[in-house]
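Below is one structure, written out as structure tokens; comments come after it.
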Amino acid sequence: FDPDSSYLLNLARHIISAVADLKHHPSTVCWHIGNCTLQQMKDVYLQPELFYRQQAYINWLKNLVHEIKKTDPERMITVDVDAAADLDATVARLHNQVPEIDAFGLVVKENLKDTAQISNLPVPYYYSSIKPELYFKLHHQPTGVLMENWQDQQTATGVTFNGLKDIWGRNKPAFYEVTRHWTNDTSRHNLPDIKILRPALATVQG
């Protein structure tokens, strides 16, 4: 996020072109800007350069959100933020400098350590990425949520295990957790008892 980067201008044009192409598609619900970029920069830069890089991102984001609103004024725009220790400050900064953001998508990762401040957020929010077991442990007023992944993925470059279904389409325990909470399904889906038989011969001689 160099303030003079031509890459950012080209990226913005590419995004606006996609918005214009897809705004009439019936399955387009809203426009969401993923990745917690503002917070991730602190892992790369030190002050004072961090401030200038973050401000360059915010200026770019402000212009981008404004152009998306001009291209498609009917739909909401949401932006990801990490539910970390700096959540309050990050949301306040973005809300103050980019007021056209309609809501914030909260990314909850491995634990609920920094989630106490969520209920005090003065802006609309939903969970844009969260594991079912973490979501159902939260005691905040219910809000919109996207479970982290529908199905595990296996590609040439990586494998994920955060889906509600495995790569063969079989339901995982998290799938039944969601079903139980959202449909009042009381049926039990416990794994059977498992025993491992010892081999008839020693695997290593002696």
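Observations on the model:
- In the range 89-206, lysine pairs with alpha-carbon atoms under 24 angstrom apart (chain gap of 8 or more, or interchain): 11
- Peptides 103-113, 48-58 ranked from most to least packed give 103-113, 48-58, packing being the mean of other C-beta atoms within 10 angstrom over each peptide's residues.
- Ellipticity estimate at 222 nm from DSSP helix runs (n ≥ 4, -39,500 (n - 2.57)) divided over the chain, nearest 500: -10500 deg cm²/dmol
- Helix 173-183 vs. the chain, principal-axis angle (Cα, 0 to 90°, nearest 10): 70 degrees
- Given (i) 1.07; (ii) 1.31; (iii) 1.26, the label whose value is Cα Rg over 2.2 N^0.38 Å derived from this model: (ii)
- Accessible area of residue 76 (1.4 Å probe, protein heavy atoms only, ligands and nucleic acids ignored): about 100 Å².
- For the range 94-113 versus the range 135-174, the spacing of their alpha-carbon centroids is 20 Å.
- With all protein chains modelled, accessible area of residue 187 [1.4 Å, Å²]: 60 Å²
- Computed over Cα pairs, the Kirkwood radius of the range 63-120 leads via Stokes-Einstein (0.890 mPa s, 25 °C) to a diffusion coefficient of 197 µm² per second.
- Nearest-ten-degree value, helix 6-22 long axis tilted from longest Cα axis of the chain: 70 degrees
- Cβ-placed point charges (K, R +1; D, E -1), dipole of the chain about Cα centre in debye, nearest 20: 580 debye
- Here the label points at residue 159 and residue 11, each 7 Å from Cα along the C-beta direction, are separated by 3.1 nm in the simple model.
- Accessible area (Å², per residue) of the range 123-171, counting only protein heavy atoms and a probe of 1.4 Å: 63 Å²
- Helix axis angle, 49-71 relative to the chain longest principal axis, alpha carbon, degrees: 80 degrees
The values are calculated or read from the model by the stated rules, or taken from the named source; none is laboratory data. Bear in mind that the values here come from a model prediction, so they are computed numbers and not experimental data. Methodologically, a virtual Cβ is constructed for each residue, glycine included, from the backbone with ideal geometry; neighbour enumeration extends over all protein chains shown. For the accessible areas, the whole protein counts, side chains as well, though only heavy atoms, and no ligand, DNA or RNA atoms are used. Shrake-Rupley method; radii C 1.70, N 1.55, O 1.52, S 1.80 Å.
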